[in-house]
There are 4 protein chains.
Amino acid sequence: MSSKFQLAENRYGKTRVRLVKVTRHAHGPNQISDMFEWNVRVLLRGDFETAHTEGDNSKILATDTMKNTVYYIAGRSKATSMEDYAKELVDFLLSRNPQVSSAEVHIESVLWKRLTVDGKPHPDSFMRGSNELQTATVERAQDGEFSITSGLENLVIMKTANSAFEGYIKESLTTLKETKDRLFATSLSASWSYIADDLNFEAERTKLRAAMLKTFAGHISLSVQQTLYAMAESALEAVPSVSEIELTMPNKHCLLIDLERFGQENPNEIFVPTDEPSGFIQATVKRTA
Amino acid sequence: MSSKFQLAENRYGKTRVRLVKVTRHAHGPNQISDMFEWNVRVLLRGDFETAHTEGDNSKILATDTMKNTVYYIAGRSKATSMEDYAKELVDFLLSRNPQVSSAEVHIESVLWKRLTVDGKPHPDSFMRGSNELQTATVERAQDGEFSITSGLENLVIMKTANSAFEGYIKESLTTLKETKDRLFATSLSASWSYIADDLNFEAERTKLRAAMLKTFAGHISLSVQQTLYAMAESALEAVPSVSEIELTMPNKHCLLIDLERFGQENPNEIFVPTDEPSGFIQATVKRTA
Amino acid sequence: MSSKFQLAENRYGKTRVRLVKVTRHAHGPNQISDMFEWNVRVLLRGDFETAHTEGDNSKILATDTMKNTVYYIAGRSKATSMEDYAKELVDFLLSRNPQVSSAEVHIESVLWKRLTVDGKPHPDSFMRGSNELQTATVERAQDGEFSITSGLENLVIMKTANSAFEGYIKESLTTLKETKDRLFATSLSASWSYIADDLNFEAERTKLRAAMLKTFAGHISLSVQQTLYAMAESALEAVPSVSEIELTMPNKHCLLIDLERFGQENPNEIFVPTDEPSGFIQATVKRTA
Amino acid sequence: MSSKFQLAENRYGKTRVRLVKVTRHAHGPNQISDMFEWNVRVLLRGDFETAHTEGDNSKILATDTMKNTVYYIAGRSKATSMEDYAKELVDFLLSRNPQVSSAEVHIESVLWKRLTVDGKPHPDSFMRGSNELQTATVERAQDGEFSITSGLENLVIMKTANSAFEGYIKESLTTLKETKDRLFATSLSASWSYIADDLNFEAERTKLRAAMLKTFAGHISLSVQQTLYAMAESALEAVPSVSEIELTMPNKHCLLIDLERFGQENPNEIFVPTDEPSGFIQATVKRTA
């Protein structure tokens, strides 16, 4: 067509490259396996204008080749964290593709737990855990520094005590009743940025997650906002290498059922959990400069 | 229209009645909560022909009323198992509705686990577990006996060793390679029938599930069929009050990735897990008469 | 283990074998494509006891080979209906596998529609339709006759007029208000059995589906039960080769919102559609013997 | 805790507020209904720091009240587009809540189509269409201008001809074969920004969508990138009031099945559609300044 229009931004890559890696250790006379399951996404930015405007594929790394690269690097990598593997994958892609200006790798790790049999961990059998995902996003421009953001998603948690919601605005469309004692359920998503790229990412993740859960459990909550903020603070306290953290905490409402209509008390016991509509609370907390 | 056609079978009810029940115990100076989340379905059969043919609703218990009944019985019940609660609900519905010939209650229980904080179980905070569902189906006709079937679904498990598949039919459309060592992943569903209706259903369930998992983990598997059968046998061994058990074990294939194309070995380490197509293996095993 | 237990029933096969078939027709100087997308399941029953009890795979047709067979038969078949293709696939499997006592093929066909460009059907571009699935299940035992059941699922429909629900049982747990005018939304599933195996299945399906939809739209509904029965009758009227039909019509409730609290009328206009809980209505209607 | 940390960004609101609106027109002696189904999200930013740090809810509009507001405005609005309704809702929220600095309303509209019976449109019966969503996002700060972005999602389309992919980089990890003739399937998402806020949004949407589909169908595609760019250009050509458009076109791969292994040709006819892994192509095209 024309020069009336221009390519403003573009990126492309491969998504949902799934990968199970089993590591087999000698263990006395026996073997023991470790395993993980990852879902990898690779995205590239760069000099792809003529691909769009002229159908010139000469600078295009096929997304199928990216998929092969994910597996190839997984096979040779000794990385023990998503973040370290992603750094290797970004480096490999950038070094072989000068037409790429920056590469981003995003990984979701699915929960698998070792089976316990007769009270003992089994050497080579596993069970899927919850839908909680551990995530990592590593990005780097040619000649640039790594930007590393880790996270988690779908961590569904509930407090059955110590949650109130009072003192909010009352206006003509307000029908919600104030409560000193409600169920507080949410599906926590979090992402946090590191100030360095050579950390023990698994150890940091473990500390940060435990700090947030401890605060969630112990908090005397006056609102989702207040508990979210306290959880973010405790994360930043627990892991000094994190510069800022974003939390998203949808309010998965559990509604108290009116049984008095039927002549029966309901002393905060029987609730209907609802998926929609859902409150949505999101905030980013960072260190003061 | 006409007498050319007739109502052959019919049933109706309410599905997806969700319910969270929190039980609050005194605990020294403090309180401790237990909670569960159920998804209840009620189905009725009976004398509903004129409802279909004439729009006569005089024998119809509204499904909205069934929903209220689920909550009402949950509020007053002391049952500690799905099966016992379902029995109460079936009895209540049958006693008040002589036009109903039989009532069935099916319950799915969602996994929630108590949060651990600083190594200790927290009194009132919980975390969603895996997508594994515990199920119970209780049915009774007016003046009949309870039929009780319990089960579980979506128990996703994997063996990384001791699984082979060899010796199957080779024909002109066969391309699968034999293997002495593959990943074996499945999403187990099971349902089992009890020979009595006054059991400690939670205890029986726990024993049966542990027996199946122990067999899965320890089995030297020559096929999914063989492992399935061994798991069913161990379930029947573990719980004499179960008369028969049906297991469904889709084969969630994990395919070994060919890295030799890239000059790299893949000693049974890097796999791609696939959702489709999927093997499907199902069998019922019962006690010999 | 033992002869204390026995294999009661078993079947196995391959599920979720997905398939797109494009047929390219010459069309004057140009080409025109037809296409469909199917999801195929193959299940076999037969002499598989030693596979379960001894790990003997010598009678096992690998499920991977079934997948290859699905594609191989699709490549050579001239069938224009799911039912006719399924018959070919069943015949092929039974003829080559004497150890198989019966074979069942189930197919779901996904909706794709030809794109319209400038008011004309485009020769080779298509768009996904709704989530409605057309289904077919064909089963045959060695030396037996075909059993053919066709169906549809997920046909989501709504009436905004001519739907009432009154005169139902009022009891102590009833809170639902009677209504002469409600929204009636459902996700229709239907399956019907043919009395012959050599029909024009596509033509029969089209007639049956149109008859049901016409009745749904035109019915003065006193209940879901009554409308369901009328739809079943019209299906049996429209297609004499169908012997019986089962309909499932969950009541996807749309609740009228109370705006009078806010000083505003709501003359049956603003509703909240809900996914759960859901009414469930199911009946089979057959020809009178 | 402390002043070591600060609230950087925050927003909150209500998501998944579902709404069916039925409009009943007199129509000669009869009535005819129109209806739509929307899924509404409201998000507010503003002076909510003490809510986070002190649990002070005095400036918090409860998300339940937002839900009521969605229904209240829907009841009184005469708007015929999502965009115009969203503007009313934003105005209402901002005018009553000075503590809110900006409000954003996002709406997804679900496809419903009028039923055709005996070749004629039915006055009050409807059928769900595909999963394609029409979307609108309207945002405004106190005393600011509206920012209006419209879009669509999940528009799944396929070309069975005129799609090639050749000339891409060949390197040591490349295994993809070049093709002059492949299936090209994608799930189109698009969002576009308007330069004004008082347009006939429904008319603009219809023109833009038709232009993209026409280009998709007619394009001689050398790559997804090239087709995406051509579709974006045609959208900008068709609707001068759009300043820029972002398209996302995952490559939903359909893989040609190798039937030659079985002595059978596969002349570009039998494919396996795959959900994962998936190519991902995204670009923004704008008018040249």
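The values are calculated or read from the model by the stated rules, or taken from the named source; none is laboratory data. Here the structure is a predicted model, which is why all the values come from computation and not from measurement. FYI the Cβ positions are ideal-geometry reconstructions off the backbone, even for glycines, and counts take in every protein chain you see. For the accessible areas, the whole protein counts, side chains as well, though only heavy atoms, and no ligand, DNA or RNA atoms are used. Shrake-Rupley method; radii C 1.70, N 1.55, O 1.52, S 1.80 Å.
Of all the listed residues (D:THR186, D:THR215, D:THR206, D:THR274), the sole one being free of Cβ contacts under 8 Å to residues at least 12 places away in the same chain, among the hydroxyl-bearing types (Ser, Thr, Tyr) and out of contact with any Phe, Trp or Tyr (no Cβ under 8 Å at 6 or more places or on another chain) is D:THR206. Condition (residue is under 30 Å from B:GLN31 (Cα atoms), within 14 Å of chain B (Cβ to nearest Cβ), open to solvent by 10 Å² or more (accessible area, probe 1.4 Å) and more than 14 Å from the chain's Cα centre (by Cα)) applied to the range A:125-136: is it met by at least one residue? Checking the range A:125-136: not a single residue is under 30 Å from B:GLN31 (Cα atoms), within 14 Å of chain B (Cβ to nearest Cβ), open to solvent by 10 Å² or more (accessible area, probe 1.4 Å) and more than 14 Å from the chain's Cα centre (by Cα). Take the range A:86-114 and flag every residue that is within 13 Å of chain B (Cβ to nearest Cβ), within 17 Å of A:THR23 (Cβ to Cβ) and free of Cβ contacts under 8 Å to residues at least 40 places away in the same chain. Hits for the range A:86-114 are A:LYS113, A:ARG114. Confirm whether A:GLY46 is of a type outside the set (Asp, Glu) and within 24 Å of A:THR149 (Cβ to Cβ). Yes; evaluated as a whole, the condition is true for this residue. Under the condition of being within 27 Å of A:HIS253 (Cα to Cα) and open to solvent by 70 Å² or more (accessible area, probe 1.4 Å), which residue from the range B:8-26 is farthest from the chain's Cα centre (by Cα)? Here the residue is B:ALA26. Inspect all residues belonging to the range D:158-169 and state whether any of them is open to solvent by 10 Å² or more (accessible area, probe 1.4 Å), part of a loop (DSSP other than H, G, I, E, B) and more than 9 Å from every other protein chain (Cβ to nearest Cβ). The answer is no; no qualifying residue exists.
Tallying residues that are more than 7 Å from chain D (Cβ to nearest Cβ) and free of Cβ contacts under 8 Å to residues at least 24 places away in the same chain within the range A:1-57 yields 13. Among the residues of the range D:238-254, just one is in contact with a Pro (Cβ under 8 Å, 6 or more places away or on another chain) and either at pLDDT below 95 or not in a loop (DSSP other than H, G, I, E, B) (or both), namely D:CYS254. Screening B:ARG182 with (1) surrounded by fewer than 20 Cβ atoms within 10 Å (Cβ to Cβ); (2) of a type in the set (D, E, K, R); (3) assigned to a loop (DSSP other than H, G, I, E, B) gives one miss only, at (1). The number of residues in the range B:94-105 that are in a helix (DSSP H, G or I) and crowded, with 19+ Cβ neighbours inside 10 Å comes to 1.
Per the listing C:SER109, C:SER77, C:SER102, the residue uniquely within 24 Å of the chain's Cα centre (by Cα), of a type in the set (Gly, Ala, Ser) and farther than 24 Å from D:LEU256 by Cα is C:SER102.
Restricting attention to the range C:58-74, the residues being within 16 Å of C:ARG11 (Cα to Cα) and either more than 7 Å from chain B (Cβ to nearest Cβ) or touching a residue at least 60 places away in the same chain (Cβ under 8 Å) (or both) number 2. When A:LEU255 is tested against (1) surrounded by fewer than 19 Cβ atoms within 10 Å (Cβ to Cβ); (2) touching a residue at least 60 places away in the same chain (Cβ under 8 Å); (3) within 13 Å of chain D (Cβ to nearest Cβ), only condition (2) is not met.
For residues in the range A:60-93 being part of a helix (DSSP H, G or I) and touching a Gly at 6+ places or on another chain (Cβ under 9 Å), which is least open to solvent (accessible area, probe 1.4 Å)? Only one residue tops the list, namely A:MET66.
Each residue in the range A:233-249 was checked for being more than 7 Å from every other protein chain (Cβ to nearest Cβ) and touching a strand residue (DSSP E or B) at 6+ places or on another chain (Cβ under 7 Å), and 9 of them qualify. What are the residues in the range A:158-204 that are over 20 Å from D:ASN97 (Cα atoms) and hydroxyl-bearing (Ser, Thr, Tyr), if any? Scanning the range A:158-204 gives A:THR160, A:SER163, A:THR179, A:THR186, A:SER187, A:SER189, A:SER191, A:SER193, A:TYR194.
Return the only residue of B:ALA283, B:ALA230, B:ALA235 being under 28 Å from the mean Cα position of the chain (by Cα) and not in a helix (DSSP H, G or I).
B:ALA283
In the range B:217-232, of all residues being open to solvent by less than 10 Å² (accessible area, probe 1.4 Å) and hydrophobic (A, V, I, L, M, F, W, C), the one that is farthest from the other protein chains (Cβ to nearest Cβ) corresponds to B:MET231. Of all the numbered requirements in (1) outside any strand (DSSP E or B); (2) within 11 Å of chain C (Cβ to nearest Cβ); (3) touching a strand residue (DSSP E or B) at 6+ places or on another chain (Cβ under 7 Å), B:LYS177 misses one, and that requirement is (3). Of the residues making up the range C:44-58, those that are crowded, with 20+ Cβ neighbours inside 10 Å and either part of a strand (DSSP E or B) or of a type in the set (Phe, Trp, Tyr) (or both) are C:LEU44, C:GLY46, C:PHE48. Going residue by residue through the range A:276-286, is there one that turns out to be more than 14 Å from chain D (Cβ to nearest Cβ) and open to solvent by 30 Å² or more (accessible area, probe 1.4 Å)? For the range A:276-286, residues more than 14 Å from chain D (Cβ to nearest Cβ) and open to solvent by 30 Å² or more (accessible area, probe 1.4 Å): absent. Considering only the range A:137-157, state which residues are out of contact with any Leu (no Cβ under 7 Å at 6 or more places or on another chain), open to solvent by 10 Å² or more (accessible area, probe 1.4 Å) and either of a type in the set (S, T, N, Q) or touching a residue at least 12 places away in the same chain (Cβ under 8 Å) (or both). Scanning the range A:137-157 gives A:THR137, A:GLU139, A:ALA141, A:GLY144, A:GLU145, A:PHE146, A:SER147, A:THR149, A:VAL156.
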